[in-house]
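Undergrad: Sharing a structure, written as structure tokens. Questions coming.
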Amino acid sequence: MVFSDLHSIAVLFIMPVTFMLLMTFAMSGRQSDMLDSVSIYVEQQPQQHEKLYVQYLTKLGYHFADSSDSATATLSFSHTFNDNVFTSRAKNLLVVTFSANASIPVQTIIQQHLELSFARVKLHLYMLETEELDADLPLEQQMQQIVKQSDTSELITTETGSLLPVISYSIPSWLVFGIFFIVLPISITLVNEKQSGTLIRLKTFPINMYTYFFTKLTAFYCISLAQFLVLVFIGLRLVPLVVDSAPITYSQILHIIPMGLFICFSAVCFAAIFSALVKSFEQAIVLGGGINIILAALSGFMVPLDVMPPSLREVAQFSPMYWAAELIKQNMFYTTANNSVQQIMLLCLFSLASLGVASFLFNRKVRDLLWN
Amino acid sequence: MQENMIDIEVKNVSYQYKEAERLSLESISLIIPSGICLGLIGPNGAGKSTLLSILSGLLQPSSGAITFTKDKQDIVNQRHFIQENVALVPQEYAFYFPLTVMQNLEYFASLCGYISAQQQSAIQRVIQECQLENVLTQKSKSISGGYKRRLNLAIALLKDPQVLYLDEPTVGVDPVSRKAILALIESLKKQHKTIIFTSHMLSEIEAHCDDIYMLKGGQAFQFDKIQSNRLLKVTFTHTLTKAIERKVERLTGCQISQRNTLECQVQKDETLWQIMQLLQQSEVGIHSMQLGQNSLTDHYLTLMGSHDTAEH
């Protein structure tokens with residue numbers, strides 16, 4: 001039935017795949033790509049050291065706007081800039097004003113680049129004074145030497161494998177988000193059965209209503225597992241190809257698939273609560289969909305957890321979506337079995353508790369059934 | 001003696017919903033003998049749905065009791081009995097629209113606890129009874145309203161129930177399908193199934209039900225098809241004097257309108273003869289006398305009208 005219902009297919013397959021694609025693509029942008037859309041406006045014509053400062057910014061990839069209206073940030077040099085830039089106690093040599101459109105990450109990057117350019121200008125002036133830098137060289141070559149001198153990237157080594165591809169963040173999150181949306185087909189099926197009188201009819205059939213409810217949940221569990229497999233394949237093999245990232249291997253996928261048993265179980269049990277609770281399609285959409293979106297936000301799917309305040313990060317530790325996404329991430333790239341066991345235990349406990357609540361609510365729903 | 005004789009007795013059943021100010025059902029008593037078709041009529045909110053909910057075991061009466069007896073033996077486990085022997089046909093289409101007609105029948109048959117061969121036999125039986133042969137492979141949402149009603153009924157018949165509750169089974173269907181559904185009801189009556197039939201189509205109730213109850217304000221009024229719909233109308237040649245008018249009204253219990261017409265619902269033959277005698281004794285001239293059939297609609301309107309008046 002689910003597969004003949006276009007809305008269910010849209011919710012279970014099309015929506016999560018779209019999210020996976022969009023979010024992975026959105027996050028795949030490099031810093032240089034980000035700077036393509038950033039421009040800076042300098043209020044007064046730069047003089048002397050100010051000019052050098054602006055040239056270092058240009059070297060970092062910034063464009064300069066003709067007016068402050070179209071600029072991401074506006075720079076205003078202090079009139080003491082040229083005299084004090086090289087002194088150790090200089091303060092407030094530059095005032096930066098961000099436009100309302102500048103996002104927090106872009107502001108942070110610009111701020112870091114402004115500081116880096118100051119450091120380079122100071123180093124440049126110092127090396128000229130100590131004659132370590134040949135003043136007769138063309139400015140471009142001088143700057144190249146300074147950039148080389150201040151380049152610290154070679155001092156840091158990133159351990160092989162620890163730099164995760166962008167899909168490691170976006171795919172598990174949006175895959176879990178899609179899996180938990182099983183709440184809509186389950187709730188809508190039960191609302192349909194109640195409103196059409198099918199549930200009343202079934203109550204007079206020689207079947208136990210609990211058996212009926214759990215059989216229905218089992219059927220949805222199978223659908224959820226199928227959805228998991230499809231989304232894992234699309235998310236981890238096909239989406240990386242679209243966003244020009246390396247797909248994960250089939251052996252990594254084999255690590256993830258058993259996790260689907262627990263993730264889908266928790267999603268179906270959680271959905272069972274809402275299916276037993278809601279009385280109308282509107283309630284199913286608002287309550288089921290709304291709670292899922294809130295949980296996803298709290299689990300760090302929309303805004304990464306590491307940029308959230310600590311109190312919100314703590315909340316995520318209680319979210320089944322977070323446990324499920326962590327379970328996938330851990331089994332995609334790591335082999336620390338202990339953490340997986342912890343997430344699995346949490347998901348199982350959550351599932352059993354949800355199933356208990358759902359059974360109670362379903363019993364009440366069936367008990368209150370009336371002939372319309 | 002015929003087997004599977006299921007009688008239902010409703011004894012002084014009252015029901016009040018939580019937070020409701022008045023009783024939805026007020027001390028209702030009725031007997032539904034095995035194999036009869038009982039019609040339940042009444043305006044919306046009269047208590048039909050509440051009574052059907054109680055008869056289906058969906059609600060427990062606030063007071064009073066429902067007794068099911070099978071072959072004169074009281075049924076102890078009513079819930080189990082209802083699941084085995086009673087089928088509901090809700091007014092809504094209580095099946096799955098995305099499935100085909102056949103898939104719906106197979107699904108509901110699988111819930112009846114049949115073994116495979118019995119299941120197939122039950123499906124074939126209801127297909128034939130409800131004349132669904134032409135639409136078996138069609139999606140249930142795309143078949144006509146008439147076929148949807150037949151499928152609704154067919155699903156109820158899958159478990160071969162002895163008692164069937166039909167809630168407006170012909171509402172919104174074309175004449176051909178209506179005829180087929182009503183013919184099916186007649187056929188079920190011949191199989192000695194007990195049918196409880198609610199409808200606002202009073203002509204259908206009158207034509208197909210053996211016993212009819214009207215529900216109004218939580219109370220049930222039995223409508224006797226043979227006796228209670230006889231209306232005696234006598235027009236006198238002259239205007240009656242006040243004294244004779246009062247005497248006639250007192251003796252017959254009937255009202256005289258415009259002081260020269262007597263209208264009377266006659267329930268028993270004995271009452272009819274008493275009125276005749278009285279008129280003879282009164283020595284009033286009779287211009288015309290008519291004993292006619294009062295339709296269920298007339299009776300319904302009279303009863304509902306008098307209750308409306310009483311309630312106001």
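FYI, it's all coordinate maths here, none of it is from the lab. Keep in mind the model is a prediction, meaning the values are calculated, not measured. Every residue, glycine as well, gets a Cβ built from its backbone with ideal geometry; the counts of neighbours run over all protein chains shown.
Undergrad: What fraction of the DSSP beta bridges in the protein assembly as shown is antiparallel, stated in percent and rounded to the nearest 5? Can you show the working numbers first?
TA: On the way: 40 of 62 bridges.
Taking every DSSP beta bridge with both residues in the protein assembly as shown, the antiparallel ones total about 65 percent.
Undergrad: Out of all Cα-Cα pairs in the stretch A:31-153, roughly what percent, to the nearest whole number, are more than 17 Å apart?
TA: Of all Cα-Cα distances in the stretch A:31-153, 57 percent exceed 17 Å.
Undergrad: Taking springs between alpha-carbon atoms closer than 10 angstrom, which of B:Thr69, B:Thr271, B:Thr170 fluctuates most in the Gaussian network model of chain B?
TA: Answer for the Gaussian network model of chain B: B:Thr271.
Undergrad: Another question, if that's okay. Which value in deg cm²/dmol, rounded to the nearest 500, describes the helix-derived mean residue ellipticity at 222 nm for chain B, given -39,500 (n - 2.57) per DSSP H run of n ≥ 4 and division by the residue count?
TA: Counting only the DSSP helices, I get -11500 deg cm²/dmol.
Undergrad: If you don't mind, there's one more thing I want to ask. What are the residues whose amide H is under 5 Å from the amide H of A:Val42, where those residues sit 5 or more places off or on another chain and H is modelled from the backbone?
TA: Amide H to amide H, under 5 Å and 5 or more residues apart or across chains, A:Val42 pairs with A:Ala65, A:Leu75.
Undergrad: Taking the Cβ of B:Gln78 as the center, what net charge do the other residues with Cβ under 15 Å away carry, scoring Lys and Arg +1 and Asp and Glu -1?
TA: Combined, the nearby Lys, Arg, Asp and Glu give 0.
Undergrad: Here is a follow-up. Would you list B:Lys247, B:Lys190, A:Lys203 from fewest to most Cβ contacts within 10 Å?
TA: B:Lys190, B:Lys247, A:Lys203
Undergrad: Right, something else. Using the Karplus curve 6.51 cos²θ - 1.76 cosθ + 1.60 with θ = phi - 60°, work out ³J(HN,Hα) for each residue of the stretch A:190-201 in order, rounded to whole Hz, and write x for Gly and Pro.
TA: Once rounded to whole Hz, the list reads 5, 5, 4, 5, 6, 5, 8, x, 5, 5, 5, 4.
Undergrad: Quick one: Karplus J couplings for the stretch A:266-279, per residue in order, coefficients 6.51, -1.76, 1.60, θ = phi - 60°, nearest Hz, x for Gly and Pro?
TA: With the stated coefficients, the stretch A:266-279 comes to 5, 5, 5, 5, 5, 5, 4, 4, 5, 4, 7, 8, 6, 10 Hz.
Undergrad: Report, in whole Å, the centroid distance computed from the Cα atoms of the stretch B:101-142 and the stretch B:72-91.
TA: Rounded to whole Å, the Cα centres lie 22 Å apart.
Undergrad: Still on this structure, please answer the following. Rounded to the nearest 20 Debye, what is the dipole magnitude of the stretch A:31-153 about its Cα centre when Lys and Arg each give +1 and Asp and Glu each give -1 at the C-beta?
TA: The calculation lands at about 360 debye.
Undergrad: What share of the DSSP beta bridges in chain A is antiparallel, in percent to the nearest 5?
TA: 50
Undergrad: So which lysines pass the test for A:Lys59, namely a Cα distance under 20 Å, with those fewer than 8 places away in the same chain ruled out?
TA: List returned: A:Lys51, A:Lys122, A:Lys148.
Undergrad: R0 = 60 Å: FRET efficiency of A:Phe333 with B:Asp160, Cβ-based, nearest 0.05?
TA: 0.50
Undergrad: Can you tell me, using C-alpha contacts under 8 Å and at least 6 residues apart, the relative contact order of chain A as a whole percent?
TA: That works out to 18 percent.
Undergrad: Might you report the magnitude of the Cβ-based charge dipole of chain A about its Cα centre, with Lys and Arg at +1 and Asp and Glu at -1, to the nearest 20 debye?
TA: Rounded to the nearest 20 debye, it is 2380 debye.
Undergrad: Enter the angle in degrees (range 0 to 90, nearest 10) between the Cα long axis of helix A:104-129 and the first principal axis of the Cα atoms of chain A, meaning the one along which they spread out most.
TA: Once rounded, the angle reads 20 degrees.
Undergrad: Per residue of chain A, what 222 nm ellipticity follows from adding -39500 (n - 2.57) for every DSSP H run with n ≥ 4, rounded to the nearest 500? Each step should come with its number before you reach the end.
TA: On the way: 17 runs with 228 residues, N = 372.
Theoretical 222 nm ellipticity from helices: -19500 deg cm²/dmol.
Undergrad: Of A:Thr108, A:Asn208, A:Trp174, which is farthest on the positive side of the dipole of chain A, counting Cα position, with +1 on Lys and Arg Cβ, -1 on Asp and Glu Cβ, and the Cα centre as origin?
TA: A:Asn208
Undergrad: Give the angle, between 0 and 90 degrees and rounded to the nearest 10, that separates the Cα long axis of helix B:175-190 from the longest principal axis of the Cα atoms of chain B.
TA: Taking the Cα atoms of chain B, the angle to B:175-190 is about 90 degrees.
Undergrad: Net charge near B:Leu30: determine it from the other residues with C-beta under 10 Å of the C-beta of B:Leu30, scoring Lys and Arg +1 and Asp and Glu -1. Numbers along the way, then the final one.
TA: Details: positive: B:Lys11; negative: B:Glu9, B:Asp211.
It works out to a net charge of -1.
Undergrad: Highest mean first, what order results for A:11-20, A:317-326 on Cβ atoms within 10 Å?
TA: Highest to lowest by the protection proxy: A:317-326, A:11-20.
Undergrad: Starting from the Cα-Cα distance between B:Ala243 and B:Glu263, subtract it from 0.36 nm times their residue separation and give me the gain in nm to one decimal.
TA: Result for the pair: 5.4 nm of gain on full extension.
Undergrad: Now for a separate question. Got the relative contact order for the stretch B:8-160 handy, in percent, Cα pairs under 8 Å and 6 or more residues apart?
TA: 21
Undergrad: Stokes-Einstein D for chain A at 4 °C, 1.567 mPa s, Kirkwood Rh over Cα pairs, in µm²/s?
TA: Once the numbers are plugged in, D ends up at 52 µm²/s.
Undergrad: Please list, ordered by chain and number, the residues whose modelled amide H lies under 5 Å from the amide H of B:Ser27; skip anything fewer than 5 residues away on the same chain.
TA: Sorted by chain and number, the residues that satisfy this are B:Ser14, B:Tyr15.
Undergrad: Go through A:Ala358, A:Val17, A:Cys269 and say which Cα lies farthest out towards the positive end of the charge dipole of chain A; charges sit on Cβ, +1 for Lys and Arg, -1 for Asp and Glu.
TA: Of the options given, the answer is A:Ala358.
Undergrad: What do you get for the angle between helix B:296-311 and the principal long axis of chain B? Use alpha-carbon atoms, 0 to 90 degrees, nearest ten.
TA: Helix B:296-311 and the main axis of chain B meet at about 70 degrees.
Undergrad: Could I ask something else about it? Fully extended, how many nm does the chain gain between A:Phe25 and A:Ala10 (0.36 nm per residue separation, minus their Cα-Cα distance)?
TA: 3.4 nm
Undergrad: Just to be sure I understand the curve: with the Debye formula and one point per C-alpha of the protein assembly as shown, what is log10 I(q)/I(0) at q = 0.07 Å⁻¹?
TA: Taken in order of the listed q values, log10 I(q)/I(0) reads -0.70.
Undergrad: Rounded to whole Hz and in sequence order, give me ³J(HN,Hα) for the stretch A:203-211 from the Karplus expression 6.51 cos²θ - 1.76 cosθ + 1.60, θ = phi - 60°, writing x for Gly and Pro.
TA: Once rounded to whole Hz, the list reads 5, 9, 8, x, 9, 7, 5, 5, 4.
Undergrad: Next up: Report, in debye and to the nearest 20, how large the dipole of chain B comes out about its Cα centre when Lys and Arg carry +1 and Asp and Glu carry -1 on their Cβ. Mind dumping the intermediate values first?
TA: Values: 29 positive and 32 negative charges, 55 e Å.
The calculation lands at about 260 debye.
Undergrad: Once R0 is set to 56 Å, what does the formula 1/(1 + (r/R0)^6) return for the Cβ-Cβ distance between B:Glu270 and B:Gln60, expressed as a FRET efficiency to the nearest 0.05?
TA: Result of the calculation: an efficiency of 0.85.
Undergrad: Follow-up question, since we're still on this one. When DSSP assigns beta bridges and you keep just the ones with both residues in the stretch A:31-153, what percent turn out antiparallel, to the nearest 5? Don't jump to the answer; show the numbers that get you there.
TA: Numbers: 5 of 10 bridges.
The antiparallel fraction comes to roughly 50 percent.
Undergrad: Percent relative contact order of chain B, based on C-alpha pairs within less than 8 angstrom and at least six residues apart?
TA: Once normalised by length, the contact order is 20 percent.
Undergrad: Still on this structure: Going 7 Å from the Cα of B:Arg250 in the Cα-to-Cβ direction, what parts of the stretch B:271-289 have a backbone nitrogen less than 19 Å from that spot?
TA: Within reach of a label on B:Arg250: B:274-284.
Undergrad: Same structure, new question: Using Cα centres only, tell me the gap between the stretch A:171-228 and the stretch A:287-350 in whole Å.
TA: Centre-to-centre (Cα) distance: 24 Å.
Undergrad: Work the Kirkwood hydrodynamic radius out for chain B: mean of 1/r over every pair of different alpha-carbon atoms, inverted, in Å. Let's see the in-between values first.
TA: Working: mean 1/r = 0.0453 Å⁻¹.
Result for chain B, one decimal place: 22.1 Å.
Undergrad: While we're on this one: Could you tell me which chymotrypsin sites (Phe, Trp or Tyr not before Pro) in the stretch A:53-156 are loop residues by DSSP with no more than 16 other beta carbons within 10 angstrom of their beta carbon?
TA: A:Phe86
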